[in-house]
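Asker: Structure below; questions to follow.
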Amino acid sequence: MKRTSLLTFILFIYVTTYLNKAFSQAGNTFYSIKGTFTTADNTPASDVVVQLLHAADKKLVKLEYTDAKGNFSFDHLPAGQYLLATQSMAYTSWLSAAITMNQDIRLGTLRLQPTTTTLREATVTAAKPFVQQQYDKTTLNVAGSISAAGSTALEVLEKAPGITIDQNDNIAMRGRQGVLVMMDGKLVPMSGQELANLLRNLSANQIEKIDLITNPSAKYDAAGNAGIIDIRLRKGTQSGTSGNVSLSYGQGVYPKINPAFSFNSKMKQINVFGSYNYNYRQFMNDLKIERQFYDGSDHYTGGNNYDNYFRMGYGTHNARLGADYNLTQNITVGVVANGIFTKGNISSNSNAHSFDAAQQPSGSFTTRGDNHPQRNNGSINLNYKHKLDTSGRELAIDLDYARFDNNELQNYRTAYFTLQQQPAKADYVLFGDLRGNLNIKSVKADYTQPLKTLGGKLDAGIKSSWVKADNDVQFFDRSSGTDILDAGKSNRFVYDENINAAYLNASGKWSRLSLQLGLRMENTIAKGLQVTNKESFDRNYTQFFPSGYVGYMFNQTHDLGISVSRRINRPSYRDLNPFKVFLDPLTYATGNPYLKPEITNSFELTHTFKEKYITKIGYSTTTDNILIVLSPDAAPNSVIQTGHNLARYNYYSLSFSVPFTVGKWLNSTNEAQAYYGEYKGDLANTQLNASRVSFNLNSINNITLNPVTTMELTATYNSRSYYGFLDVQGFWFMSVGAQRQLWQRKASIKLNLSDVFFTNNTHAVTRLTGYGETFFQRRDSRVLTLTFNYKFGGNTSGGGNKKTGGAEDEKRRAG
C-alpha cells in the first residue's frame, strides 16, 4: 500500500506537469501582475496585504501577501481594468492608478512609507468583527475580541455561533457531535473531557483566530463528520524582533491566573519564534441527579438521588519553540516543538440517598474522591517546502512525532449509612493507579500543480500514520487495610493502528463560477488486545471519501454555492478502551472495543445576498452513529456509561447570518440557526426514534466609544434539543466587556464579565427501558477577568509559525 501510493504520487506529478505545459503551449488568454514592495532604503516590505480590485467599483477580486523579499504576484487574470491597494500595520496605505490587463505586467519596485499616527487611527475603525461568515467556514477573530480577553479557548468556543458543549464536555457544531479540533492545522491529541481540559488550559491571548469549517475538502483527513474547528495561534509578521506579554486574573467561584509571553524574530534567512504560557485555573462542577429504575413492566424498583460537587484545579505549562530557515529563495525547512505539561487536583464530594420499590428512603452513602492527574504531552514537526518554479508548483513534506503520557492516582472512600445516619457497613476504600502512553508517527507529502490555461489547480498528496496506545489500569481494594487487586476493574489495553491515505483535489475560480472536486482514499489497519483476558480484534478496511463544491455569482446581489462530502468519525482510543472508570459504587464509565466508525454524507446549499447576508441549508445522514449512553448495569440500581453504534441519524439545518452597522459606533453580527435531528435505531434494549426542531441564536455587538475605548456585548440562546436519549432543556447566557488602548496602542487593558446572570447551566432528562434520570448541572461560568497586554518591538505579537504538520486525526483521538 505505501509503495503503491508513493509511485502513484510521483507519476501524478510528472503527468500533470506535462499536461500543464501542453495546455500552456496551446494559447493563454489570461495574464499576471507581478511587483516588489520596498521602503525608501530598499528594505523589503514583507507580509504586506496586497488587494486586487476591479477599477470600476473597487470590488475585491483577490488578496495576496508579499513574501520575505517583498514580492507579490497575481496570476490567471482575465482581461480588464484593475487597481492595486495595500494594507499593513507597518506601512501607509498605497493605491495604484488603473491598470489595463491585456498582457503580462511587471510593475518593478514600488515604495511604501512607514506608518504614521493616522494609520494607527485607521486600523481601529477597520477592526475585524469577532465573527466573519464565508462560504465554507465561519471565522472567529479572537485576537481583537474584548470578551475573549483572559478567557480560555473552550470559553471562546462556547460563545461561537452553532457551538454547544454538553455536561460531559463533548463539543457539538450545529447540534452534531464528531467535531475535529485542530491547532495550526494539526489535530489536537485528545477528545471528550481530555480535550476540554486542554482547551480550558489554552489562553485566548495566544489565539489569533478560530475557523469553523463545515465541509472540508479532500486535502483534510476524512475524519470529523460534523466539521472542523481549526485554532490558529498568533503569528509574527515583521522583520526584526517583536512579541507580546500579557497577564490576566479572573475571579469566579474560584480564581484563574494566566501570564503569557510570545516572540518572533526575523533575521535575514532565519525566523525564530516561540511562546510560553502558564495557566492556573480552579473551577467547580455542581451536579444534582435523580435516578429511577424499573422492571420489564415499568414498575418502579428503586432509585438514588445524588448531590455531587467537584472542585478542580489545574496548573499547565504550555511551551512552543520553532524556526524556519530559507535554504534558497524557493526552499524553506522548519522545525516546531511543542510541550504541554499539566498537573491537577480533583476533589469530589458525592452524597447519595437511596429509595426502595415503595419510593421510601432506604439509606444513604457518601463518596469522597481525591484524584491527581498528570499529563505530559510533547510533539515535534519537521517540515520542508519547495517552490518548484514561478508558476506556482509546490511540494511540501511533513514528518511528525508525538508522545502523550497520562498518569493519574485516584483515591475514593465510600461510607454507608442507615436511615438513622448510623454506619450500615464498613467503608469501601478504592485506590487506582492509571498509567498510559500514546505514540504517534506520521509522514505526509502535498503537491500543488497550477493549470493556468484552465484557471485552476490540482492538489495531490499521500499520508501514512502509525499509532500505538498502551494503557495499564490497576485498582486496589484497601477496605481491609491492605492492597487487594480488583480484577474486575483492572486491565491492560494495547492498541495499534496504521492509516494510509492518498487524495486528489481539483479547484478553479473564474469570473462567475467556482468549482472544487476531490477524492480521498484511506486504508485503516487496527489491532486491539485486552492483555488480562486475552480478548482481541483485528480490522482492515479501505474507504473512499468524495467531496465537491460548485459556486456561481449571478450578479452583485446573488451568489449561490452547493457543497457535498462524505466523511468518517473513528472512535477515540479512550472510547475503545474497555476499562471501567469508577465514579461511585453505583456509577461506572467504560469504553467499547467493538465500536465501529460512523460514516456521514453531507449536503449544504449557501446563498449570499449583497455579499453580506448568508443563508445556509444543510442535510446529512450518519450510519453507525456513535452515542454515549448511560444505561442500567448488571448490579441492582447501578448504571454504566459507554459508547454504542446507532443505526442512523438524519440531520437537517437552516441558518441565517445578518450583520449590520449603526453609524461608526456599532458593529453587530447576528446568526440564527434551526436544525432538526432524527435518531433511529435500537440501543440498550430500547427502540429510539427521537426528533426535535431546535434553535440557536447568537449576537455579538462591538461598540466604539472613542478611538481608544471600545465595548463588546455577546448573547447566546440554545433551545431544547435531543442528544440520543438525552432531552436537554434550553439555556442562554450573556457576556459584556470593555477595552482601553494605552501608550499609543502598544498596551491595552480589558475587563470582561462572562455569563453575567449565571444562566449557562444544563438541565436534562434521560428515559430508556428500565431506567430514567434527571440532572441539573452548574459550572463556574460567571467570571470577572482583568487583562493587561503589552506589545514590544513591533505592531504584531509573535509566537507562531505558519507551517503546520501532518499528525492529524490520530492526535484528536488520543483522549
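The values are calculated or read from the model by the stated rules, or taken from the named source; none is laboratory data. From a predicted model like this one, the values you see are computed outputs, not experimental measurements. Positions of Cβ are backbone-derived with ideal geometry, glycine not excepted, and every protein chain shown enters the neighbour counts.
Asker: From the list I628, I640, which one is in contact with a Phe, Trp or Tyr (Cβ under 7 Å, 6 or more places away or on another chain), over 30 Å from S511 (Cα atoms) and of a type in the set (A, V, I, L, M, F, W, C)?
Answerer: Among I628, I640, only I640 is in contact with a Phe, Trp or Tyr (Cβ under 7 Å, 6 or more places away or on another chain), over 30 Å from S511 (Cα atoms) and of a type in the set (A, V, I, L, M, F, W, C).
Asker: From the list R574, R520, R570, pick out the single residue that is basic (K, R) and either more than 30 Å from D433 (Cα to Cα) or free of Cβ contacts under 8 Å to residues at least 60 places away in the same chain (or both). First the steps, then the outcome.
Answerer: Working: R574 fails: either more than 30 Å from D433 (Cα to Cα) or free of Cβ contacts under 8 Å to residues at least 60 places away in the same chain (or both); R570 fails: either more than 30 Å from D433 (Cα to Cα) or free of Cβ contacts under 8 Å to residues at least 60 places away in the same chain (or both).
Selected residue: R520, the only one of R574, R520, R570 that is basic (K, R) and either more than 30 Å from D433 (Cα to Cα) or free of Cβ contacts under 8 Å to residues at least 60 places away in the same chain (or both).
Asker: Here's a follow-up. Do you know which of the residues in segment 487-538 that are in a strand (DSSP E or B) and among the basic types (K, R) is surrounded by the most Cβ atoms within 10 Å (Cβ to Cβ)?
Answerer: Once the filter is applied, the top-ranked residue is R520.
Asker: Could I ask something else about it? What number of residues within segment 724-746 satisfy the criterion of being in contact with a helix residue (DSSP H, G or I) (Cβ under 9 Å, 6 or more places away or on another chain) and closer than 22 Å to I163 by Cβ?
Answerer: 2
Asker: Given the options A45, A97, A56, A90, name the one that is touching a Leu at 6+ places or on another chain (Cβ under 6 Å) and modelled with pLDDT of 70 or more.
Answerer: A45
Asker: Does segment 710-751 hold any residues that are among the basic types (K, R), closer than 22 Å to G250 by Cβ and surrounded by fewer than 22 Cβ atoms within 10 Å (Cβ to Cβ), and which are they?
Answerer: The one that is among the basic types (K, R), closer than 22 Å to G250 by Cβ and surrounded by fewer than 22 Cβ atoms within 10 Å (Cβ to Cβ): R740.
Asker: I've got another one for you. For segment 373-388, state whether one or more residues are on the phi > 0 side of the Ramachandran plot, out of contact with any Gly (no Cβ under 9 Å at 6 or more places or on another chain) and not in a strand (DSSP E or B).
Answerer: no
Asker: Is it fair to say S364 is assigned by TED's automatic domain parsing to the domain that holds D184 and crowded, with 18+ Cβ neighbours inside 10 Å?
Answerer: Spelling it out, S364 is indeed assigned by TED's automatic domain parsing to the domain that holds D184 and crowded, with 18+ Cβ neighbours inside 10 Å.
Asker: Among the residues of segment 647-683, write down those that are among the hydrophobic types (A, V, I, L, M, F, W, C) and either in a strand (DSSP E or B) or outside the structural domain of L713 (by TED's automatic domain parsing) (or both).
Answerer: Within segment 647-683, A647, L654, F656, V658, F660, V662, L666, A672, A674, L683 qualify.
Asker: Tally the residues that are closer than 18 Å to P571 by Cβ and surrounded by fewer than 19 Cβ atoms within 10 Å (Cβ to Cβ), restricting the search to segment 625-639.
Answerer: Qualifying residue count, segment 625-639: 0.
Asker: Checking the conditions here, which among G363, G339, G369 is in contact with a Gly (Cβ under 9 Å, 6 or more places away or on another chain), of a type in the set (G, A, S) and either touching a residue at least 12 places away in the same chain (Cβ under 8 Å) or not in a strand (DSSP E or B) (or both)? Can you show your working first?
Answerer: Working: G363 fails: in contact with a Gly (Cβ under 9 Å, 6 or more places away or on another chain); G369 fails: in contact with a Gly (Cβ under 9 Å, 6 or more places away or on another chain).
Criteria check complete, one pass: G339.
Asker: Specify which of the listed residues (P571, P578, P593) is closer than 30 Å to S347 by Cβ and either assigned by TED's automatic domain parsing to the domain that holds K612 or at pLDDT 85 or above (or both).
Answerer: After ruling out the rest, the residue left standing is P578.
Asker: Would you mind finding the one in A690, A672 that is over 30 Å from A143 (Cα atoms) and either at pLDDT below 90 or surrounded by 15 or more Cβ atoms within 10 Å (Cβ to Cβ) (or both)?
Answerer: Numbers: A672 fails: over 30 Å from A143 (Cα atoms).
Of the residues listed, the single one that is over 30 Å from A143 (Cα atoms) and either at pLDDT below 90 or surrounded by 15 or more Cβ atoms within 10 Å (Cβ to Cβ) (or both) is A690.
Asker: Does any residue of segment 279-299 turn out to be on the phi > 0 side of the Ramachandran plot, modelled with pLDDT under 90 and of a type outside the set (S, T, N, Q)?
Answerer: yes
Asker: L83 versus (1) touching a residue at least 12 places away in the same chain (Cβ under 8 Å); (2) not in a strand (DSSP E or B): which is the lone unmet condition?
Answerer: (2)
Asker: Take L595 and tell me if it is among the aliphatic types (A, V, I, L, M) and closer than 20 Å to G436 by Cα.
Answerer: no
Asker: Among the candidates S655, S631, single out the residue that is at pLDDT below 90, in contact with a Gly (Cβ under 9 Å, 6 or more places away or on another chain) and closer than 30 Å to T587 by Cα.
Answerer: Testing whether each residue is at pLDDT below 90, in contact with a Gly (Cβ under 9 Å, 6 or more places away or on another chain) and closer than 30 Å to T587 by Cα leaves just S631.
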